[in-house]
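The values are calculated or read from the model by the stated rules, or taken from the named source; none is laboratory data. A quick note: this is a predicted structure, and the numbers were derived from the prediction, not measured. Backbone-built Cβ (ideal geometry, glycine too); neighbour counts: all protein chains shown. The accessibility values were calculated without ligands, DNA or RNA, using every heavy atom of the protein model including side chains. Shrake-Rupley method; radii C 1.70, N 1.55, O 1.52, S 1.80 Å.
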Amino acid sequence: MKSTGKVTGIVSNLVTVECNGPVSQNEICYIRLGDTRLRAEVIKVNGKNAAVQVFESTRGLKNGDSVEFEDKMLEVTLGPGLLSSCYDGLQNDLTTMTGVFLKRGEYTDALNHEKLWEFTPLAKAGDKVVAADWLGNVKEGWLDHKIMVPFSFKGEYTVKSIAGAGEYNVDKVIAVLVNEEGEDVEVTMTQRWPVKVAIKGYKEKPRPSRIMETGVRVIDTLDPIAEGGTGFIPGPFGCGKTVLQHAIAKQGDADVIVMAACGERANEVVEIFTEFPELIDPHTGRHLMERTTIICNTSNMPVAAREASVYTAMTICEYYRAMGLKVLLLADSTSRWAQALREMSNRMEELPGADAFPVDLSAIISNFYARAGMVVLNNGQTGAVTFIGTVSPAGGNLKEPVTESTKKAARCFYALEQNRADRKRYPAVNPIDSYSKYLEYPEIREHLAERIMPGWVEMVEKTKNIIRKGRDAQEQINILGDDGVPMNYHEVFWKSELVDFVILQQDAFDAVDALCPIERQKFMLSLVLEICDHSFEFENFEECRKFFKELINTLRQMNYSEFHSEAFENYYQQIKNILNNGK
């Protein structure tokens, strides 16, 4: 029997319910408001009373309204048709809305139950299977979407029968399995899974051993992120967090992209909806939306929905990872998620932590980031979820609780700097403050030596030292003036500017420069370091400035030219001539 209850208190989206039976943490319930049922989630149980957060507006609720508990957690539907879809945090299909906004109490189907999918069996009668094993395959766009044994199944099953090749909808029974008790269990193309529980459909979860190429030089060259790794991008408003995420989404080496807009401003969400369907995937030449799922909750939506969006997105990522695919999850912005947690914590009058965020904020963020990673599946193949979130610290303060808590969980830190953004140096990533802890992994260092060249990590460290020395020289020049420092200070500064303009800065809207493959990054960094190894003699700082500006302009033109094209080779020859003519 499912438990029931009645409303005894209302504080915005936080509703107190007196229960007539047992209820559990994170259980879903529905509050009856006339002919409408409002979905809510239990977040605290105290004796006979339960505190539930409602996923929608509670306007009109009153004491005494009836509540029905569902005896299950918030779940998402998993199956063919998730790609190219736009959902909210509760997995309502936003493309099937009856108006601009979903009506209160209106819930839509996540999948199309009429569409037919071309099914090909992979298992056969008599096979022994466990949860997450592959039973069949359907084509979802150009990807192989695996139909799996539901993740909730326990123990070993025997395949009694499986459907033959043909076209079926998602509700078709494609296999009958026999459990250890001898009972028949029917399996369709869909399954459901609670969003706040990590999917465990794999044998082991090793450390990442290779990098995920993003095509963004400041990431791939200086601070690479591992395939199955975690990173975050903090920065003030207007510094280019969203543009950088979009560049990574478009160019990243991933099979599936999941965009989670958790509490973003409506104008930025509209940009995602309008721009993504038009973007062309540079890797396949097809529309990027064909391998993308968007989970969207704007900042004007209720607190609970904003919190649910990141969990829904991560569960979909884990589902595709169990198919042996490389998945990239981009969340913008996790600060709004943390603010949603703070709102609910304050309404429940819990003991506040720093800046009134929940005391366990660090643990919540760490548990979520831990769901990413590379895994070895039951059949020996690998899949990965790479997670990159953005953080929007108030006033650009990188010492605030959300940034500090995320630093403990994420392995890559890409700090956006207001000063660089003001000078139009995009991506505005601060190369000194940013870091990648994956460069410390022996597996990653071996991979970089094999994928790019031996000694690559040492070249990266040398590049960072050039930038660091250049910044120190710039401070001395600003304090003492151009004539107040030795000539080698100017040379050190302009060598760092050479690295900045040619390697760090990248035009996300240029057809060529937007995507920079690893081979090109290797060539350009080697060329820049070769120039920086030269020792020059200048008569005055004006001559030094003129020489390096000419070099920088020519190298930037190389970045805008197709790699090893005729124009590229001409600019390369011009650089050789400039160096030969220099003193």
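For residues that are farther than 24 Å from residue 256 by Cα and touching a Gly at 6+ places or on another chain (Cβ under 9 Å), scanning just the range 134-164, find the one that is most open to solvent (accessible area, probe 1.4 Å). Break it down stepwise before answering.
Keep residues of the range 134-164 that are farther than 24 Å from residue 256 by Cα, which gives 153-164.
Those left that are additionally touching a Gly at 6+ places or on another chain (Cβ under 9 Å): 158-160, 162-163.
Details: 158: 39, 159: 3, 160: 113, 162: 45, 163: 18 Å².
Looking at residues that are farther than 24 Å from residue 256 by Cα and touching a Gly at 6+ places or on another chain (Cβ under 9 Å), I get 160.
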- Query: Limited to the range 487-515, what total is found for residues that are open to solvent by 50 Å² or more (accessible area, probe 1.4 Å) and among the acidic types (Asp, Glu)?
  - Reply: 1
- Considering every residue within the range 335-349, establish whether at least one is in contact with a Ser or Thr (Cβ under 6 Å, 6 or more places away or on another chain) and surrounded by fewer than 19 Cβ atoms within 10 Å (Cβ to Cβ). no
- Note on the structure: Taking the range 458-486 and the residues there that are over 39 Å from the mean Cα position of the chain (by Cα) and surrounded by 15 or more Cβ atoms within 10 Å (Cβ to Cβ), the one that is farthest from residue 560 (Cα to Cα) would be 485
- Message: Any residue that is at positive phi, surrounded by fewer than 16 Cβ atoms within 10 Å (Cβ to Cβ), outside any helix (DSSP H, G or I) and charged (D, E, K, R) - is there at least one of those in the range 391-404?
- Response: no
- Flagged in the range 427-445 as open to solvent by less than 60 Å² (accessible area, probe 1.4 Å) and assigned to a loop (DSSP other than H, G, I, E, B), in numbering order, are 427, 428, 430, 431, 432, 434, 441
- Task: Among residues belonging to the range 326-367 that are part of a helix (DSSP H, G or I) and of a type in the set (Lys, Arg), point out the one that is modelled with the highest pLDDT.
- Result: 342
- Being among the aliphatic types (A, V, I, L, M) and outside any helix (DSSP H, G or I) is the filter here, so list the residues in the range 275-325 that pass it. 279, 280, 294, 295, 301, 322, 323, 325
- Message: Just checking: which of the strands (runs of 3 or more DSSP E) contained wholly in the range 172-244 hold 1 or more residues that are at pLDDT 95 or above and more than 26 Å from residue 403 (Cβ to Cβ)?
- Response: 175-178, 184-187, 191-194
- Query: Does the range 520-529 contain at least one residue that is open to solvent by 30 Å² or more (accessible area, probe 1.4 Å) and under 27 Å from the mean Cα position of the chain (by Cα)?
  - Reply: yes
- Item | Selected residue [surrounded by fewer than 20 Cβ atoms within 10 Å (Cβ to Cβ), in contact (Cβ under 8 Å) with a residue 40 or more places away in the chain and β-branched (Val, Ile, Thr)] from 130, 45, 76 | 130
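One line per residue, one yes/no per condition, for (1) closer than 23 Å to residue 244 by Cα; (2) touching a residue at least 24 places away in the same chain (Cβ under 8 Å):
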position: 349; (1), (2): no, no
position: 357; (1), (2): no, yes
position: 361; (1), (2): no, yes
position: 367; (1), (2): no, no
position: 376; (1), (2): no, yes
position: 388; (1), (2): yes, yes
position: 396; (1), (2): yes, yes
position: 400; (1), (2): yes, yes
position: 408; (1), (2): yes, yes
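With the condition kept exactly as written, say whether any residue in the range 17-27 is closer than 25 Å to residue 332 by Cα, in contact with a strand residue (DSSP E or B) (Cβ under 7 Å, 6 or more places away or on another chain) and surrounded by fewer than 19 Cβ atoms within 10 Å (Cβ to Cβ).
Restricting attention to the range 17-27, the residues satisfying the condition of being closer than 25 Å to residue 332 by Cα are 26.
Pick out the ones that are also in contact with a strand residue (DSSP E or B) (Cβ under 7 Å, 6 or more places away or on another chain) and you get 26.
Still in the list and also surrounded by fewer than 19 Cβ atoms within 10 Å (Cβ to Cβ): 26.
Among the residues of the range 17-27, at least one is closer than 25 Å to residue 332 by Cα, in contact with a strand residue (DSSP E or B) (Cβ under 7 Å, 6 or more places away or on another chain) and surrounded by fewer than 19 Cβ atoms within 10 Å (Cβ to Cβ), which makes the answer yes.
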- Query: Name the pairs whose Cβ atoms lie under 8 Å apart, with the first residue in the range 315-328 and touching a residue at least 24 places away in the same chain (Cβ under 8 Å) and open to solvent by less than 10 Å² (accessible area, probe 1.4 Å), the second among the small types (Gly, Ala, Ser) and in a helix (DSSP H, G or I), and 6 or more positions between them or separate chains?
  - Reply: 328/249
- In the range 405-426, the residues that are open to solvent by 10 Å² or more (accessible area, probe 1.4 Å) and farther than 21 Å from residue 260 by Cα: 408, 417, 418, 419, 422, 423, 424, 425, 426
